[in-house]
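K.L.:
Sharing a structure, written as structure tokens. Questions coming.
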Amino acid sequence: MKAAAIVSAIVLLSQLVQGSPQTVSSTSKYLKNEDPIAVQRILDNIGPNLGAKAGIVVASPSTEDPNYFYTWTRDGALTMKSLVERLIAENDVSLIPTIENYIKVQLTLQHIDNLSGNFSDLSGLGEPKFMVNATEFTGDWGRPQRDGPALRATALVAYGKYAQKHNNKKFVTESLWPVLKNDLDYVTKYWNLTGFDLWEETSGSSFFTISASHRALFEGFSFASSLGHGNSSYLTQAKNILCYLQSFWDSDANVINADIANGKLLRDLDSGTTVGIIHGFDSEAGCDSTTFQPCSDRALAHHYALVNSFRNYYPVNNGKSSNEAVALGRYIHDVYYNGNPWYLTTLAAAEQLYDAIYVWKKQGRLEITTISESFFNQFGSVSVGTYKSSSSTYKKIVSAVSTYADGFVDMVAKYTPADGRLHEQFSGWNGTSVSAKDLTWSYASLMTAKAARDGKVPDSWGAKKVSAPKGKCSPGPVHVVSNDIISVKFVATDSELTGFGSTSIYVVGSIPELGSWSTSAAILLQGEPDTYGVYSATIKLPPSTSFEYKYIEKLNCPQAAVEWEDYPGGGNREGTTPKSGSLTLPTATFEHSDS
Ligand code: NOJ
Ligand code: NOJ
């Protein structure tokens, strides 16, 4: 062999083993450069900086368009969790005062009575956000949001374990435990009532919130026990939550559903689910699918379907081949600030894969099931089975998945401005920064993705001791905020009734239960048994709630076009539920427009 041929053979071989060397190094370079910026910007956004009370995590310094100058329980908790993980992984003890200030001010926040409720029955802990001087936020909002206390509990447990180990037991018993106890009690008491999802839009139960609630109570129980406060109802409810969590898995469609409201699926493919999956990561739990571990077949199937939903969706994703990473938003058809890609959702997709690779390497094998095979087949045809780390298939897959994971970071890198500042979103058209500037959560997501890529994984939360639920969930989830739920009947007939079954009438409207104006989430009306041509649907709505609605028709054929009823004046129909009892709306006649 000629020298040149030998060299190129070596280059080829090393590319096979590590993916394209150029990509790998540019990904590392970007992360290495961005990581200190991220930490600094996070600290800049925590009080007393920005005039916020000490320990308050400000979502973003942006005070208008959008105004994010508040502290959200969710953003704050996830940010603190990332700082605690960094403290542990890097032994960066300079973070301790910030973390302890955060914990102390949470007790103040917990005691603020607010529009979600009060402290005495703990309902006020479901309030999503507060003013940065630690007072009540009194505006309209999607409330309550029940993920906050669960996420905060997890951040507190992580720090609590560290502090106990490092002889700071006094802080744990005097300052940390009182906050943690409120959060664990809140989750125990309220997890099975509906609330708004992490995107603050959908009222119901969400995979994200339910899985975070499970982790919080499961690890919360053992940590509380170590302090002599083990309350068996934490564990009992953790088991019930895990049982209910399984119902988000759709085994027909091979996806994890994001939200369930009134027994109805509202949005299936959602990046919030990926954020939930990485939050639940436990490097010692293998690829367990009951807890939806990042390398579980369910989580990989979700990854595959989610990423595909965004392929060719944004112009910045055009031209990527079918197994290359793309930019991800929250969910397709999102309209918030035009529904662009988000830094934190795109990075979450990378982090899930880094977590998966970590576990495959640790256990020395990977498994492909009929559920995950589409994910793996992206990288070349492979069969269902278990592949040991010595096999060439394993090596090929791990290398391809590493390159793929880096691709998500590379998208973020490509659309990070020169000063390294991360907003909430970047334009799907041209990648310029959009929405809230210096979003604390964007930076936290960068730090955790980098740590996962570097193999610096968070401490175990005990997920391997979780046993898969058997039989019926008990108690069944009670998905009502209030006991007064109103039955609302929608009735319609068609002015041009043609043949049987050629079209279907649906109702869609302004509130989540009516699909939030998304025609794909509209509710189908069924033929009334005794009245030919009259269709109806009865759904459950909260009392004293006003909504707008309209009827639509879809042809019963593939690629069905949607036709909106021609309602006089072009406006919407309106309804308001009573305080109690039920409501039957006036029978509507579906008029077709002449065009
Ligand atoms: C503000 C929330 O923060 C955001 O998530 C949501 O999409 C919009 N409100 C619209 O409801
Ligand atoms: C809107 C996001 O949807 C929500 O998840 C977040 O908590 C707030 N912005 C603040 O960052």
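K.L.:
Every residue in region 325-347 that is out of contact with any Gly (no Cβ under 9 Å at 6 or more places or on another chain) and within 16 Å of Tyr304 (Cβ to Cβ), please.
P.N.:
Leu328, the sole residue that qualifies.
K.L.:
Return the pair list, or none, for Cβ contacts closer than 8 Å from residues in region 48-73 that are within 12 Å of Val105 (Cβ to Cβ) and not assigned by TED's automatic domain parsing to the domain that holds Asp438 to residues that are at pLDDT 95 or above and more than 16 Å from ligand 1 (Cβ to nearest atom), at least 6 apart or on different chains.
P.N.:
No pair meets every condition.
K.L.:
Then there is this: Could you please give the count of residues in region 102-125 that are within 16 Å of ligand 1 (Cβ to nearest atom) and surrounded by 18 or more Cβ atoms within 10 Å (Cβ to Cβ)?
P.N.:
Within region 102-125, the first condition is being within 16 Å of ligand 1 (Cβ to nearest atom), and the residues that meet it are 115-116.
Of the ones still in play, those that are also surrounded by 18 or more Cβ atoms within 10 Å (Cβ to Cβ) are 116.
Total satisfying the criteria: 1.
K.L.:
Might you check whether a residue that is closer than 30 Å to Asp44 by Cα, under 20 Å from the mean Cα position of the chain (by Cα), at pLDDT 95 or above and away from ligand 1 (no atom under 16 Å from the Cβ) occurs anywhere in region 460-479?
P.N.:
To start, the set of residues in region 460-479 that are closer than 30 Å to Asp44 by Cα comprises 460-461.
So of that shortlist, the ones also under 20 Å from the mean Cα position of the chain (by Cα) come out as 461.
When the remaining residues are screened for being at pLDDT 95 or above, the result is 461.
Filter once more, keeping what is away from ligand 1 (no atom under 16 Å from the Cβ): 461.
Within region 460-479, one or more residues are closer than 30 Å to Asp44 by Cα, under 20 Å from the mean Cα position of the chain (by Cα), at pLDDT 95 or above and away from ligand 1 (no atom under 16 Å from the Cβ).
K.L.:
In addition: Can you go through Ser435, Ser399, Ser427, Ser442 and tell me which one is in contact with a Gly (Cβ under 7 Å, 6 or more places away or on another chain) and either closer than 26 Å to Leu43 by Cβ or not basic (Lys, Arg) (or both)?
P.N.:
Details: Ser435 fails: in contact with a Gly (Cβ under 7 Å, 6 or more places away or on another chain); Ser427 fails: in contact with a Gly (Cβ under 7 Å, 6 or more places away or on another chain); Ser442 fails: in contact with a Gly (Cβ under 7 Å, 6 or more places away or on another chain).
Being in contact with a Gly (Cβ under 7 Å, 6 or more places away or on another chain) and either closer than 26 Å to Leu43 by Cβ or not basic (Lys, Arg) (or both) holds for just one of Ser435, Ser399, Ser427, Ser442, which is Ser399.
K.L.:
Also: Within region 260-295, which residues are charged (D, E, K, R), in contact with a strand residue (DSSP E or B) (Cβ under 9 Å, 6 or more places away or on another chain) and either on the phi > 0 side of the Ramachandran plot or surrounded by fewer than 24 Cβ atoms within 10 Å (Cβ to Cβ) (or both)? Break it down stepwise before answering.
P.N.:
Filtering region 260-295 for residues charged (D, E, K, R) gives 264, 267-268, 270, 282, 284, 288.
This time we only want the ones that are in contact with a strand residue (DSSP E or B) (Cβ under 9 Å, 6 or more places away or on another chain), so: 264, 267-268, 270.
Selection gives Lys264, Asp268.
K.L.:
Residue check, Pro128 against (1) closer than 15 Å to Thr73 by Cβ; (2) of a type outside the set (Asp, Glu); (3) within 16 Å of ligand 1 (Cβ to nearest atom); (4) surrounded by fewer than 24 Cβ atoms within 10 Å (Cβ to Cβ), all met but one. Which one?
P.N.:
Looking at each condition in turn, Pro128 falls short on (4).
K.L.:
List the number of the failed condition for Thr273; all other conditions in (1) farther than 24 Å from Gly148 by Cα; (2) within 16 Å of ligand 1 (Cβ to nearest atom); (3) in a helix (DSSP H, G or I) hold.
P.N.:
The single condition Thr273 does not satisfy is (1).
K.L.:
Can you pull out every residue in region 243-274 that is touching a residue at least 60 places away in the same chain (Cβ under 8 Å), touching a helix residue (DSSP H, G or I) at 6+ places or on another chain (Cβ under 7 Å) and more than 20 Å from Leu524 (Cα to Cα)?
P.N.:
Across region 243-274, the qualifying residues are Tyr244, Asn254, Ala258, Leu269, Ser271, Gly272, Thr273, Thr274.
K.L.:
Identify the residue in region 193-244 that is of a type in the set (A, V, I, L, M, F, W, C) and closer than 30 Å to Asn340 by Cβ and, among all such residues, is farthest from ligand 2 (Cβ to nearest atom). Talk me through it step by step, then tell me what you get.
P.N.:
Quick first cut of region 193-244, residues of a type in the set (A, V, I, L, M, F, W, C) only: 193, 196, 198-199, 207-208, 210, 212, 216-218, 221, 223-224, 227, 235, 238, 241-243.
After this cut, where a residue has to be closer than 30 Å to Asn340 by Cβ as well, the list is 196, 198-199, 207-208, 210, 212.
Values: Phe196: 10, Leu198: 5, Trp199: 4, Phe207: 14, Phe208: 10, Ile210: 16, Ala212: 13 Å.
Within region 193-244, the match that is farthest from ligand 2 (Cβ to nearest atom) is Ile210.
K.L.:
What is the residue count in region 391-411 for residues that are polar (S, T, N, Q) and out of contact with any strand residue (DSSP E or B) (no Cβ under 9 Å at 6 or more places or on another chain)? Steps first, please.
P.N.:
Taking region 391-411 and keeping what is polar (S, T, N, Q), we get 391-393, 399, 402-403.
Now narrow it down to the ones that are out of contact with any strand residue (DSSP E or B) (no Cβ under 9 Å at 6 or more places or on another chain): 392, 399, 402-403.
Residues flagged as polar (S, T, N, Q) and out of contact with any strand residue (DSSP E or B) (no Cβ under 9 Å at 6 or more places or on another chain) within region 391-411 amount to 4.
K.L.:
Taking region 333-354 as the region of interest, how many residues are within 14 Å of ligand 1 (Cβ to nearest atom) and either crowded, with 24+ Cβ neighbours inside 10 Å or of a type in the set (Val, Ile, Thr) (or both)? Please lay out each step first, then the result.
P.N.:
We begin by selecting, within region 333-354, every residue within 14 Å of ligand 1 (Cβ to nearest atom); these are 333-340, 342, 344-345.
With the extra rule that they be either crowded, with 24+ Cβ neighbours inside 10 Å or of a type in the set (Val, Ile, Thr) (or both), the set shrinks to 335, 340, 342, 344-345.
Total satisfying the criteria: 5.
Rundown of residues vs (1) away from ligand 2 (no atom under 15 Å from the Cβ); (2) assigned to a loop (DSSP other than H, G, I, E, B); (3) among the hydrophobic types (A, V, I, L, M, F, W, C), yes/no style:
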residue	(1), (2), (3)
Gln40	yes, no, no
Leu43	yes, no, yes
Lys53	yes, yes, no
Pro61	no, yes, no
Asp65	no, yes, no
Arg74	no, no, no
Lys81	no, no, no
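K.L.:
While we're looking at this one, here's another question. What are the residues in region 177-209 that are away from ligand 1 (no atom under 16 Å from the Cβ), in contact with a Lys or Arg (Cβ under 9 Å, 6 or more places away or on another chain) and either part of a helix (DSSP H, G or I) or of a type in the set (A, V, I, L, M) (or both), if any?
P.N.:
Listed by number, the residues that qualify are Val179, Leu180, Asp183, Tyr186, Val187, Tyr190, Leu193.
K.L.:
Could you check region 251-283 and list, in sequence order, the residues that are away from ligand 2 (no atom under 16 Å from the Cβ) and either over 25 Å from Leu344 (Cα atoms) or of a type in the set (S, T, N, Q) (or both)?
P.N.:
Hits for region 251-283 are Ser251, Asp252, Ala253, Asn254, Asn257, Ala261, Asn262, Gly263, Lys264, Ser283.
The values are calculated or read from the model by the stated rules, or taken from the named source; none is laboratory data. What you see is a predicted model; the values in this text were computed from it and never measured. Cβ coordinates were reconstructed from backbone atoms using ideal geometry, including for glycine residues, and neighbour counts include every protein chain displayed.
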